[in-house]
Amino acid sequence: MRIELQKRAAVSPLFSLVSPLLALALTLVFGAIMFAILGKDPVAAMYAFFLEPLLETWSLHELAIKAAPLILMGVGLAVCYRSNNWNIGAEGQFTIGAITGSYLPIVFYDWHSPLVLPLMLLLGALGGALFAAIPALLKAHFNTNEILTSLMLVYIAQLFLDWLIRGAWRDPKGFNFPVSRDFAPEAILPAIWEESGRAHWAFIFAIVAAVLCWFMMRYTLKGFEITVLGQAERAGRFAGFSSKRMIWFGFLFSGALAGLAGIGEVSGSINHLQPAISPGYGFTAIIVAFLGRLNPLGIVASGLVLGLTYLGGEAAQLSIGVSDKVTRVFQGLLLFFVLSCDTLIYYKVRIVWARMRGGVA
Amino acid sequence: MTLSEDALAVPLLSVRGLTKLFGSFAACSQIDLDIAPGEIHALLGENGAGKSTLVKMLFGVLQPSAGQILWNGQSVAIGSPGEARTLGVGMVFQHFSLFEALTVGENIALSLDPKISLAQISDEAASLSKAYGLPLDPKAHVADLSVGERQRIEIVRALLQNPKLIILDEPTSVLTPQEADRLFETLFKLRDEGRSVLYISHRLEEVRRICTRATVLRHGKVTGACDPRQETPASLARMMVGADIAEVHRDNIPAGEVRLEIKDLSVPSRTPFGVSLKDISMRVCAGEVLAIAGVAGNGQGELFDALSGEHTVPQADAIRIRGRGVGQTGINGRRLLGAGFVPEERHGHGAVTGMPLSDNLLLARSQSDRKAFLAGGLFSVIRHGAVRTAARRVCQVMDVRKSGDDPAAGALSGGNLQKFIVGRELDRQPALLIVNQPTWGVDAGAASRIRQALIDLAKAGSAVVVISQDLDEIFEVATNIAVISEGRLSDPYPAGTLTLEHVGLLMGGIHDKHSQPEATHAH
């Protein structure tokens, strides 16, 4: 017996639209089952996880904070994935962006100027792009698998951050704790609406980036080039587009947005550097990109949904006493269902009950 | 009649009235063929003549629509390659089916009874390969082996089944002349043991050298059976391409300025299976249709890549479009000089299957029609409305049948998509059009529409280069004909002075320039 995937002749437009919703519904059902097995009331747990965080103003602000890096990175990754380049290392580019962006407020901490913040953001984006240039270079010139190289570089970035914080950039007045000097006020990304909560400008950047990317993909020649090269490299060459240059573009673009997300998070929410600056935003952004069907506007919605899983995890830890690892379980379930729904849209499953034929291969 | 005489009279394999229909198209029609024990029998024919279809039926890959296969005089039905092997038919395909990551021995074991141990298979393979002069190391990884060595694996794999008939499909097309010589020695050895070989080729010299009998196919029918040693390459070629000379009714257009000039263009092959272009020179003038004939895989794709600029060449002056050296200019630079291109492969090269027709129009014309299709300066915002109007115009002019206003390219039939792809270029009145296999796999109606469009374009004063394997098409559209063979291009000859036989000879790789009619050097 074997299971075969047969390509469908035509893809149902209805199902390709509702597939993310279907995946979401399946995630909720299986999440409820998981809570029941853990001995918790599934309805109360789901309420605490997915609804309670949406009922308070401050927690909506927290949602914007969590969603901002997810949307920024998800949008960059979507553009990269559309061009058939698979940057899995956004987490590393996020980390390096946070480091290069923090260079000014940590090393030149007594330079006070309104230029500090724009320069920090620029340096953050630049750092992320340069770090993404490594897998791009390896793929364009040595044909290495970018999935592996970009993923491995994540751990290098994280250990580099760890080394910096415990070494050169440790706060001299920090009682030997592994944290950097606190950022000066002009190095901190301001809040959008200070009176009601903490949400800062990174969320605005995320929305602007999503809208611009949507416009680029839909209306400009660059977007056309990305789509063509992603679907048929040979046709792209016929159109005069270069797939090598597209490798560079995809990685530098997604790397820059990841770097911007990194410095945005550090400058807006954390206000100093520390060994752990991200609860896996860079990996979650991959789920965000796919749940948003690689469409920048869809990614705004999916970024909010995945942001909610982080908040829900924290809330569930407090109110029903389950580990916040539940967040990762939900994210994993969601990615699994998104990908399997997509597979079933494109393929039919057929089970073949064939006898093994002896002797003749 | 004594028993031994009887055995002599009965061929090992006979085929009677074998026919294979694909829909209403007869790929093979009423084929008769006899293969005696201990002979090397050639199966000759152009691409698309039905050789592969016939062989696939003999090996059980395809089932005949009508007719009979007799094995040692007994009627048999060959339902699968496994049954063919049990019967005693071995096959070496043109494209190898080997796992590169596995060793030679493991690859051979895969096609045999799983009960036999790997060591035993390796031993047997080693002794067989020694006996037949096919040196092979069973422990070597396939990825490290040359093409010739890989072919030996396939041959040894076939021999391990102890077949009485071995079918080889274009075996020398991937071999160097030295490797080919070695292969021939092996074939002679097999023949001397009383095994039969069915040898498929279009190389006439080779067939005359090693085969004692030949069956020639053309358009799915047997057009001749002969002893190739008694024939000349010319007479074989005539059987292969047909003795008729196509009637060409074309207005003579006085040739205008030179639009495309190629001088001593040599391009080394990019891949081990590719063909290197060697010293190619040609000139194409306004009003001229130069057709380049040739059997597939003789450098047509490579020539198209070099002409289109998808792969540039180091010498800028080796290719000149309208007097400008463009060797190092990319495809869009050449389009801006007025050139248009139609590649052989529609899906994924000439068009992106999943994209609508309007996007596929933009694919070829984003730079040449920048002013009309793009706005917003540096941002290059696409004017979807203008592109859609142009796509609609192309569909109307070329009579592209489609459902909906702007369907995905993949939703169109081959013929309609090809009409669109050709029409996309014609729409901008190119000064030079280069087309590779304009009507490959296209229905007759669309094919004649496309051919007429090419002739009309030349009449209107453009230069046209048509690379094609279809000789009927070539004689229909060409003013001049050149032949490409093993990466070399012959001199061009005016279509009127050339017979199909000449073209066939040139296609078979015989470069005997003295026996040709006078070449058209004087442009």
Hits in the stretch B:194-215 - residues which are within 20 Å of B:Pro37 (Cβ to Cβ) and not β-branched (Val, Ile, Thr): B:Gly194, B:Arg195, B:Ser196, B:Leu198, B:Tyr199, B:Cys211, B:Arg213, B:Ala214
Matching residues, the stretch B:360-375, being more than 7 Å from chain A (Cβ to nearest Cβ) and buried (at least 17 other Cβ atoms within 10 Å of the Cβ): B:Asn360, B:Leu361, B:Arg365, B:Ser368, B:Asp369, B:Phe373
Top-ranked residue of the stretch B:376-391 - restricted to ones that are within 9 Å of another protein chain (Cβ to nearest Cβ), modelled with pLDDT of 90 or more and outside any loop (DSSP other than H, G, I, E, B), ranked as least open to solvent (accessible area, probe 1.4 Å): B:Ile382
So A:Ala157, is it at pLDDT below 95 and aliphatic (A, V, I, L, M): no
Options A:Ala210, A:Ala168: the member that is among the small types (Gly, Ala, Ser), on the phi < 0 side of the Ramachandran plot and at pLDDT 95 or above: A:Ala210
Only one of B:Val435, B:Val394 that is in contact with a Lys or Arg (Cβ under 8 Å, 6 or more places away or on another chain) and either modelled with pLDDT under 90 or outside any loop (DSSP other than H, G, I, E, B) (or both): B:Val394
So A:Leu138, is it in contact with a helix residue (DSSP H, G or I) (Cβ under 6 Å, 6 or more places away or on another chain), farther than 26 Å from A:Ile65 by Cβ and open to solvent by 40 Å² or more (accessible area, probe 1.4 Å): yes
Index of the failed condition, B:Gly220 passing every other in (1) out of contact with any Phe, Trp or Tyr (no Cβ under 9 Å at 6 or more places or on another chain); (2) open to solvent by less than 10 Å² (accessible area, probe 1.4 Å): (1)
Residue within the stretch A:256-274 that is facing chain B (nearest Cβ under 9 Å) and either β-branched (Val, Ile, Thr) or under 30 Å from A:Ala98 (Cα atoms) (or both) present: no
Looking only at the stretch B:272-315, and only at residues there that are within 14 Å of chain A (Cβ to nearest Cβ) and among the polar types (S, T, N, Q), the one that is surrounded by the fewest Cβ atoms within 10 Å (Cβ to Cβ): B:Thr312
Output for the stretch A:285-304, where each listed residue is in contact with a Pro (Cβ under 9 Å, 6 or more places away or on another chain) and either crowded, with 23+ Cβ neighbours inside 10 Å or of a type in the set (A, V, I, L, M, F, W, C) (or both): A:Ala285, A:Phe290, A:Leu291, A:Gly292, A:Ala301, A:Ser302, A:Gly303
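Yes/no per residue for (1) among the acidic types (Asp, Glu); (2) open to solvent by less than 40 Å² (accessible area, probe 1.4 Å):
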| position | (1), (2) |
| --- | --- |
| B:Asp399 | yes, no |
| B:Gly404 | no, no |
| B:Glu425 | yes, yes |
| B:Arg428 | no, no |
| B:Val435 | no, yes |
Residues of the stretch B:328-351 that turn out to be open to solvent by 10 Å² or more (accessible area, probe 1.4 Å) and more than 9 Å from every other protein chain (Cβ to nearest Cβ), as a count: 7
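The values are calculated or read from the model by the stated rules, or taken from the named source; none is laboratory data. As the structure is a computational prediction, the values presented were derived from the model and not from experiment. Here the Cβ is made from the backbone with ideal geometry for all residues, glycine too, and neighbour counts use every protein chain on show. For accessibility, only protein heavy atoms count, side chains too; no ligands or nucleic acids. Shrake-Rupley method; radii C 1.70, N 1.55, O 1.52, S 1.80 Å.
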